[in-house]
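J.: Quick one: this structure, given as structure tokens, is what I'll be asking you about.
A short reminder: the numbers here are calculations on the coordinates, not readings from a lab. This is a predicted model, so every value here is computed, not measured. Note that each Cβ is placed from the backbone with ideal geometry, even for glycine, and that neighbours are counted across all protein chains shown.
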Amino acid sequence: MGRLDQKTILISAAAQGIGRAAAIAFAKEGAKVIATDINEEKLKELAQYPGIETRVLDVTDKNQIELLAKEFGNIDVLCNIAGFVHHGSILDCTENDWDFTMNVNVRSMYMMIRTFLPKMLERKSGNIINMSSVASSIKGVVNRCVYSTSKAAVIGLTKSVAADFIEQGIRCNCICPGTVDTPSLRERIQAMPNPEQALNGFLARQRMNRFCTAEEVAHLCVFLASDEAAFITGSEYVIDGGWSL
């Protein structure tokens, strides 16, 4: 028997990185997984895994979210992974950068939770997992101004939802990774003027001398999605190899 047998889990940003690893880990533990992403081509790769259905979804589009909810209204776990990393200080952050980042990283979670929570409340059972970051209210990080602001907001959103609905059977927690070795990270490193120097800079701040893997974050997602975490709500889980110490 799997740790997630009989559970239906909806996850965003499942085409690669943490989202992909979590979707696969959920399915391996017996869950029915609805894996969503805006990247249709990458998303198709998940079809090979038993227990995973895929749907193209732009989490910033309210109409698309509502249509998905009509198809999959009764879910047990909502896992909000989608996010965007902006590089720069407040002086490098234009108003468009600010609006785009807050829209993808915070407003999308607001819309997803607001859409799927009512059905959870009807059943008096629901579990929400939000992806935040150590770069948030937990730790100040150079050149992560709007990203850190948005991820601090995710922590606040998580605690608010947890507090408001704790007596109605809803749990809400968030995960705060440090630097995770994902395609997104590698793309951002390659976009730097000196990719080798950038890679060494990222590695230099890792106190365990390596990056976190997407699979390690996925293990934490499985725990929070399972009944093993039934008494946990409103918590932020740091998984950063000691970077924030």
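J.: Taking the chain, how much of its Cα-Cα pair set, in percent, is spaced more than 23 angstrom apart?
T.: So the portion of pairs separated by more than 23 Å is 47 percent.
J.: If you average 1/r across every pair of different Cα atoms in segment 137-245 and take the reciprocal, what Kirkwood value do you get, in Å?
T.: Final number for the Kirkwood radius of segment 137-245 is 15.6 Å.
J.: OK, next. Which of the residue pairs K7/K139; K7/K42; K42/K62 have a Cα-Cα distance greater than 31 Å in the structure shown?
T.: The answer is K7/K139.
J.: Roughly how many nanometres apart are two label points built 7 Å out from the Cα toward the Cβ at T94 and E41?
T.: 2.6 nm
J.: In nm, what is the difference between 0.36 nm times the number of residues separating M1 and K119 and their Cα-Cα distance?
T.: Fully extending the segment from M1 to K119 adds 39.8 nm.
J.: With the calculation restricted to Cα positions, what are the radius of gyration and Dmax of segment 1-130 in angstrom?
T.: Reported Rg and Dmax, both Å: 15.2, 53.
J.: Averaging sequence separations of C-alpha pairs under 8 Å and six or more residues apart, then dividing by the length of the chain, give the relative contact order as a whole percent.
T.: For the chain, the relative contact order is 20 percent.
J.: Label point 7 Å out from M102 along Cα-to-Cβ: which residues of segment 147-162 have amide N under 16 Å?
T.: Those under the cut-off are 147-157.
J.: What full-extension length gain, to one decimal in nm, is calculated for E228 and N143 as 0.36 nm per residue of separation minus the Cα-Cα distance?
T.: 26.9 nm
J.: On to the next question. Set the Förster radius R0 to 25 Å, insert the Cβ-Cβ distance between N74 and S160 as r into 1/(1 + (r/R0)^6), and round the FRET efficiency to 0.05.
T.: Values: r = 24 Å, r/R0 = 0.95.
It comes to 0.60.
J.: What are the membrane-span-like helices in the chain by this rule: whole DSSP H runs, Cα extent along the axis at least 20 Å, mean Kyte-Doolittle hydropathy at least -1.0?
T.: 108-123, 145-165
J.: Considering only the other residues whose Cβ falls under 13 Å of the Cβ of S137, what net charge follows from Lys and Arg at +1 and Asp and Glu at -1? Spell out each step's value before the answer.
T.: Values: positive: K139, R144, K151, K159; negative: E236.
Net charge around S137: +3.
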